[in-house]
Each structure stands twice: as C-alpha cells, then as structure tokens.
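The values are calculated or read from the model by the stated rules, or taken from the named source; none is laboratory data. Quantities reported herein were computed from a predicted structural model and do not represent experimental measurements. Every residue, glycine as well, gets a Cβ built from its backbone with ideal geometry; the counts of neighbours run over all protein chains shown. When the accessible area is computed, the model is the full protein with side chains, heavy atoms only, and any ligands, DNA or RNA have been set aside. Shrake-Rupley method; radii C 1.70, N 1.55, O 1.52, S 1.80 Å.
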Amino acid sequence: MLHIKTLNTLSSMRNNTQRIYERLSRGEFLSVDSTDNSIRHLYEDIEENLEDYTDYFKEIGLQLEMGNGYFYFSRLEEGKHTIGQKLESFSKWLDYLDFLKCYNQSFTAGYQFRKSNLIEQISLDIELKEKANHLFKKYGAGSNLETVNKLLQEMQNMGFAECISEQDETYKITSAFHYAEELVNMIQIANEDEVPE
C-alpha cells in the first residue's frame, strides 16, 4: 500500500515539476488563494511534497522558498548582475506599493477592486495623482489608464493579482502580494537600524 502511494506521489511530481519550474523560473509566484484551479493544484502539490521538491530544485541551483501562502524561487548563488536586477525590481515594487497603499491602506492579500475605481481615484486624489505622475515619468506610461494597465499587467505576471471578472474588470490581490510587502518591511527595518540615536 505504501509503495502504491509513493508511486502516485512520484507520478504527480513528475507531471507537475515542469509546470512549477516554468512558472517560478520566470519570477512568478504560486499562491494558495489563486482563483485559477491549476495554480492552486500546483501550490497544494508543492505543499504536500515540499521536501522532495526542495531537494529536486536544489540540484539545479534553485532554492524553493515558501512565504505566507505562496511559493517562489531564489537562486542559490547569484552574480552581481542578478543582484543589480533584483535591486532595480525592488525599487519598482517600492514605487508600486507606495502608490497602491496611497490608493487604499488596506490594499493587501484578499483585497478586491475595480480598475475603473482606481483610475477615477487618481483624478480625485491629489497625492495619488502625484504618485501616478511619478510612475508615468519613471516607467514610461503616458496616461492614468496606461499606468494602471502597466501596473495591473505586472501584478498579474508576477501572480500578485488576478482578474476575477473581465466584465467589470475586478481584480483580487493574492497571498503572493505579501512578498512585496515583506520586502518593504525589511527595507524599513534596515533603515530604522541605521538611524543614529
């Protein structure tokens, strides 16, 4: 009986390993609360076979990391070029997170919003409009709509957000968004530690 269970586990891993690798190697996340059944299936398979997946990916130089309701890859050994890319990405997500928290302080995993409400709020809120203008200049968007579209596209590509209604363009923030929040918290803690008394 144990032998059959082991074979079923190996078969499931074999079927999912490539799909997990393809998503996570692009810098995406797998979230426990994804509305996509295939993503939730991959998350659950990793969770059930965490040690096996960790060992497997370690063999090819990837560290399978687990956050608060999400999985992602980090590299075991990173060159200076990779570290530079990460710093650039951190900077971008600091700007995005600042913008999103200005839109709504409760913007975190589980939060739902309509794209039209976000665009409307930019035109009504002076601080949000200034932050949107900063994003225009820094990341090459030309209007509020382009900025929001670019932001939503990047959030979806990373697995931080999912469109749950195409009809009214409603989005849900996934557990993977905690990753961006944790990055900001780490930077804030590091800055507080450096402040002289």
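What percentage of the solvent-accessible surface of the range 123-182, computed with a 1.4 Å probe over protein heavy atoms, is contributed by carbon and sulfur atoms?
Within the range 123-182, the accessible surface is 47 percent carbon and sulfur.
Name all residues of the range 38-67 having a backbone nitrogen under 14 Å from the label point set 7 Å from the Cα of ASN15 along its Cα→Cβ direction, giving them as ranges.
38-39, 41-46, by backbone N distance to the label point.
Heads up, I need the accessible area for LYS58: 1.4 angstrom probe, whole protein in place, Å², nearest 10.
That residue has around 100 Å² of solvent-accessible surface.
If you average 1/r over every pair of different alpha-carbon atoms in the range 133-173 and take one over that average, what Kirkwood value in Å do you get?
10.8 Å
Would you list THR108, THR35 from the most to the least accessible area, probe 1.4 Å?
Reading off the accessible areas and sorting them downward yields THR35, THR108.
Tell me which residues come under 5 Å, amide H to amide H, from GLN63 once H is placed; ignore anything under 5 positions away on its chain.
The list, which skips near neighbours in sequence, is SER74, ARG75, LEU76.
Per residue, how much accessible area does the range 117-183 have with a 1.4 Å probe, in Å²?
Result: 50 Å² of accessible area for each residue.
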